[in-house]
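Asker: If you scroll down you'll find the structure; I have some questions about it.
Rule-based calculations on the coordinates, nothing more; no lab input. Treat the numbers as computed from the prediction; the structure is a model and nothing was measured. Methodologically, a virtual Cβ is constructed for each residue, glycine included, from the backbone with ideal geometry; neighbour enumeration extends over all protein chains shown.
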Amino acid sequence: MIRTLGALAALTLAASAPAQTSTPATQANTAAAQANALLNRALPADQAAMKAHVLFLASDAMKGREAGSPEFDIAAQYVAAQFYAAGLRPAGDAGSYLQTVPLVVYKAADEGAMAWTASGGKAQPLIFGTDYIPAANPARAETQVTAPVVFAGRGIVAPQYGVDDYAGIDARGRIVAIFAGAPGTFAGEERAYFAAAATKAQIAAAHGAIGIVMLESPRPAARQRPFSASGYANPRTTWAMPAGTGTSPAPTTPVLGTLSQAGATKLFGSAAWSKIAAQAKADKPAYTPLSLSGTLSATTHTAFTPGASSNVVGVVPGADPLLAKEVVILSAHLDHIGVSAGGEGDRINNGALDNAIGIASLIEEARRFTASGKPPRRTVMFLAVTGEEKGLIGSSYFVDHPTVPLADIVADVNLDMPVLLYRFEDMIAFGAQRSTLGPIVARAVGAVGVGLSPDPMPEQGFFTRSDHFNFVRKGIPSVFLWPGIKGAGKAPFEDFLANRYHRPGDDLTQPILWDQGVRFVSTNYAIAREIADGDARPVWNKGDYFGTTYKGPMAR
């Protein structure tokens, strides 16, 4: 764990004070006193307002705001109250600020069963934990599939990169066997998109497959890990369908499980699998599609537990007679990961930076709109979503059940985990270059005296990993803004990711710079204000991959 703010304060005092003898208890008391002094120091009103929100949302009493918990519900009521105080109109269910999001927790109910029947041979049962592990199907309590198998590399079709893993095979009515991942030659955002399990499932479904088995990736001996069934029944969460089952990106093409290399050898045969394994270990694997000679039978069972959570939704109505029906959304996720199951000491994952500060920014931007005395031309919606940490669930539910017509939503500006531990010298705008939001973002960033920098970690694919991407899936231009890591920002940012991200240390003991929070709010407010007041709605740049894929305005 990173040293706490109190410990840092103690070290600073030790460096400037005369040498003296002290006990561990004295040192601890000094550190605690310094931490409390810094925590309680007076701040200007705008900074104090942000801090007040985070003090509540990231307190131990909120127990990490896990979606579906009573503490999350309290946090949602807090945000609703703040929306009311800021003068927003409710835009949730039945005239309230809350939109109920039905949740369902699902997991594998048993070990399932798999058997391989070679052409002309007898059924050969595969062994749980040795040859395969089953996958839970969020869309069905029982899944039974028997079909021929085709091998389709990594299951990717990306014409812009000249990749078609389905070339030369017919997947209709078959089970597709594929590897995880995407080629390293793909651009970072598209690489993350094609590596996602949901994308692979949708591509398989589009080719008529009726099931998927994932293949354990062969690696060089030094990097190979033992095949293990541990965790196969870990619970997952999604939003629930009326029947109580969950949503799936491709309900007709479920993932049936994962085959080990031993299991894959039984299906492919030793010679064919050895060739594929050699390809997988290459620096730039290139796979040849293959139709296997035989039939795979798979049965899985899934258990479901219902739950519920809420998005929080408020609006500032637009004032322009022609543009008021159009909606600009500012979004941020309210949930975090709750309390760690085991370990000693502090186990509460407070989520101060991730994403209590994002929610605080959302509230303060709402206050700026209503306090400005100038109503926006377009309607501006403030959306605090649930379940981001469980797979972008609340935003997924919202775009499928919007509280305003989906066609009227013109843009999403997402606020997620601004790391405000340093004075930022630049900003990173994920997705801005894909639409006419780009120049708007550049002007807003310039107004606070910094410039834009390219994505410093393209391999992470951050553009596809936060709530704005669900709006992208509906063809809506979207952007996700972060303080950059130029200059002095690099070390504290990397330290946060390494030592506090998704850990109990993401709390109020961090040396959060609240004045940088105000700069962050100012930038996002300027972006939203220009979108809301502009003559033209944002559109995709012509030919952009995501705009074209999801049929966004002007992309074609």
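Asker: Using +1 at the C-beta of Lys and Arg and -1 at the C-beta of Asp and Glu, which of Gly461, Pro492, Ala442 has the Cα lying farthest in the positive direction of the dipole of segment 433-497?
Answerer: Ranked along the dipole, the leading option is Ala442.
Asker: Find how many whole Å separate the alpha carbon centroid of segment 346-411 from the alpha carbon centroid of segment 259-337.
Answerer: Segment 259-337 and segment 346-411 have Cα centres spaced 25 Å from each other.
Asker: To continue, here is another question. Given a Förster distance of 35 angstrom, what is the FRET efficiency for Glu530 paired with Ala85, based on the Cβ-Cβ distance and rounded to 0.05?
Answerer: Efficiency, rounded to the nearest 0.05: 0.85.
Asker: Cα axis of helix 5-16 to longest principal axis of the chain: angle in degrees, 0 to 90, nearest 10?
Answerer: The angle comes out near 60 degrees.
Asker: Provide, for q = 0.10 Å⁻¹, the log10 of I(q)/I(0) from a solvent-free Debye sum over equal Cα point scatterers in segment 106-305.
Answerer: Values returned for q = 0.10 Å⁻¹ are -0.40.
Asker: Kindly express, to the nearest 10 degrees and within the range 0 to 90, the angle between helix 270-280's C-alpha long axis and the longest C-alpha principal axis of the chain.
Answerer: Taking Cα atoms only, the helix is inclined about 30 degrees.
Asker: Find the Rg to Rh ratio for segment 312-440, where Rh is the Kirkwood radius over alpha-carbon pairs and Rg uses the same atoms.
Answerer: 1.02
Asker: Which percent, nearest 5, of DSSP beta bridges in the chain are antiparallel?
Answerer: 65 percent
Asker: Please state the relative contact order of segment 106-305 as a whole percent: Cα pairs under 8 Å, 6+ residues apart?
Answerer: 41 percent
Asker: Taking only C-alpha pairs under 8 Å that are 6+ residues apart, what is the relative contact order of the chain in percent?
Answerer: Rounded, it is 20 percent for the chain.
Asker: When the label point is put 7 Å from the Cα of Ala308 along its Cα-to-beta-carbon vector, which residues of segment 57-73 have a backbone N closer than 16 Å?
Answerer: Once the point is set 7 Å along Cα→Cβ of Ala308, 67-73 turn out to lie under 16 Å by backbone N, inside segment 57-73.
Asker: Can you give the net charge of the other residues whose Cβ lies under 15 Å from the Cβ of Gly246, counting K and R as +1 and D and E as -1?
Answerer: Charge balance in the 15 Å sphere: +2.
Asker: Now a separate question. Among Val479, Tyr545, Ser274, whose Cα projects farthest towards the positive end of the dipole of the chain, with charges put on the beta-carbon of Lys, Arg (+1) and Asp, Glu (-1)?
Answerer: Towards the positive end, the residue furthest out is Ser274.
Asker: Could you state the angle between the C-alpha long axis of helix 24-39 and the longest principal axis of the C-alpha atoms of the chain, as a value from 0 to 90 degrees rounded to the nearest 10?
Answerer: Rounded to the nearest ten degrees, it is 80.
Asker: Next up: Using the eigenvalues of the Cα gyration tensor, what equivalent ellipsoid semi-axes result for segment 48-175 when each is taken as the square root of five times the eigenvalue, whole Å, largest first?
Answerer: Output for segment 48-175: semi-axes of 49, 22, 15 Å.
Asker: In Å and whole numbers, how far do the C-alpha atoms of the chain stretch along each principal axis, longest first?
Answerer: 80, 72, 42
Asker: Now for a different question. Need one number: nm distance between label points at Met457 and Asp283, each 7 Å from Cα along Cα→Cβ, rounded to one decimal.
Answerer: Going by the 7 Å Cα→Cβ label model, 2.6 nm.
Asker: Binning at 10 Å from 0, report for segment 285-357 what percent of all alpha-carbon pair distances ends up in each bin.
Answerer: 11, 18, 20, 17, 23, 10, 1
Asker: Still on this structure: So if each residue of separation counts as 0.36 nm, and I subtract the Cα-Cα distance between Asp320 and Thr247, what length gain in nm does that give?
Answerer: Stretched fully, the Asp320-Thr247 segment lengthens by 22.5 nm.
Asker: Only helical DSSP H runs with n ≥ 4 go in: add -39500 (n - 2.57) per run for the chain, normalise by residue count and round the 222 nm mean residue ellipticity to 500 deg cm²/dmol.
Answerer: When only DSSP H runs of four or more count, the value is -9500 deg cm²/dmol.
Asker: Just to confirm my numbers, what's the Cα centroid distance between segment 466-528 and segment 207-248 in Å?
Answerer: Cα centroid of segment 466-528 versus Cα centroid of segment 207-248: 30 Å apart.
Asker: Can you give the local net charge around Leu323? Use residues other than it whose beta-carbon is closer than 15 angstrom to its beta-carbon, Lys and Arg +1, Asp and Glu -1.
Answerer: So the surrounding residues net to 0.
Asker: With +1 on the Cβ of every Lys and Arg and -1 on the Cβ of every Asp and Glu, and nothing else charged, how large is the dipole of the chain about its Cα centre, in debye rounded to the nearest 20?
Answerer: 860 debye
Asker: Give me the net charge of Tyr106's neighbourhood, meaning all other residues with Cβ under 11 Å from the Cβ of Tyr106; Lys, Arg count +1, Asp, Glu -1.
Answerer: +3
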